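Everything below concerns the one structure shown next.
The values are calculated or read from the model by the stated rules, or taken from the named source; none is laboratory data. No experiment lies behind these values; they were computed from the predicted model shown. When we count neighbours, we look across all protein chains shown, and the Cβ atoms used for this are built from the backbone with ideal geometry, even at glycine.
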């Protein structure tokens with residue numbers, strides 16, 4: 001794997017700092033499904049609040065491929081594109097159905113290529129989480145395009161759920 005960036009995290013009910021790896025920071029070598037599961041579990045551990053449920057598994061990945069949300073692996077190996085999709089899926093499936101995520105990803109990719117779309121998702125997600133956990137209003141650009149507005153709304157719904165779980169439900 002190339003640059004493995006340790007996630008900078010600090011989480012409590014009044015503060016939440018998180019850095020999700022950007023496209024350039026994802027491994028540039030292909031990984032087998034066990035390695036993908038390990039990579040995602042490590043990077044998203046702080047978001048795995050309900051330990052009774054798996055965040056990701058090999059069978060989940062296979063199901064995402066069968067449902068057409070994720071392209072099939074090449075020679076049983078997953079690349080950077082797969083990882084980007086799986087980051088989005090693992091986080092957003094806590095709020096949206098897989099079919100909804102599939103539609104939202106398709107919309108995002110209609111506006112920009114995968115690397116730019118993924119990096120935008122990471123930035124907007126981080127900003128949404130920061131605003132919710134620091135009791136700030138998320139102020140974006142004055143006129144958001146449809147895709148950016150959708151992304152902002154989707155990430156805010158995830159950030160709101162996360163905040164409620166951590167602050168009020170003590171997960």
**Q.** Condition check for residue 118: touching a helix residue (DSSP H, G or I) at 6+ places or on another chain (Cβ under 7 Å) and over 21 Å from residue 150 (Cα atoms)
**A.** no
Q.
Of the residues 103, 132, 137, only one is assigned to a loop (DSSP other than H, G, I, E, B) and more than 12 Å from the chain's Cα centre (by Cα); which?
A. 137
Q | residue 54 vs. criteria at pLDDT below 95, within 25 Å of residue 103 (Cβ to Cβ) and part of a loop (DSSP other than H, G, I, E, B) | A | yes
Q) Taking residue 162, is it within 15 Å of the chain's Cα centre (by Cα), touching a residue at least 40 places away in the same chain (Cβ under 8 Å), surrounded by 17 or more Cβ atoms within 10 Å (Cβ to Cβ) and within 27 Å of residue 28 (Cα to Cα)? A) no
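To keep it simple, each residue is scored yes or no on (1) surrounded by 12 or more Cβ atoms within 10 Å (Cβ to Cβ); (2) in contact with a strand residue (DSSP E or B) (Cβ under 6 Å, 6 or more places away or on another chain); (3) without any contact (Cβ under 8 Å) to a residue 12 or more places away in the chain.
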| residue | (1), (2), (3) |
| --- | --- |
| 23 | yes, no, no |
| 28 | no, no, no |
| 33 | yes, no, no |
| 38 | yes, no, yes |
| 43 | yes, no, no |
| 52 | no, no, yes |
| 55 | yes, no, no |
| 58 | yes, no, no |
| 67 | yes, no, no |
Q) Here are 107, 151: which of them is free of Cβ contacts under 8 Å to residues at least 60 places away in the same chain and within 23 Å of residue 56 (Cα to Cα)? A) 151
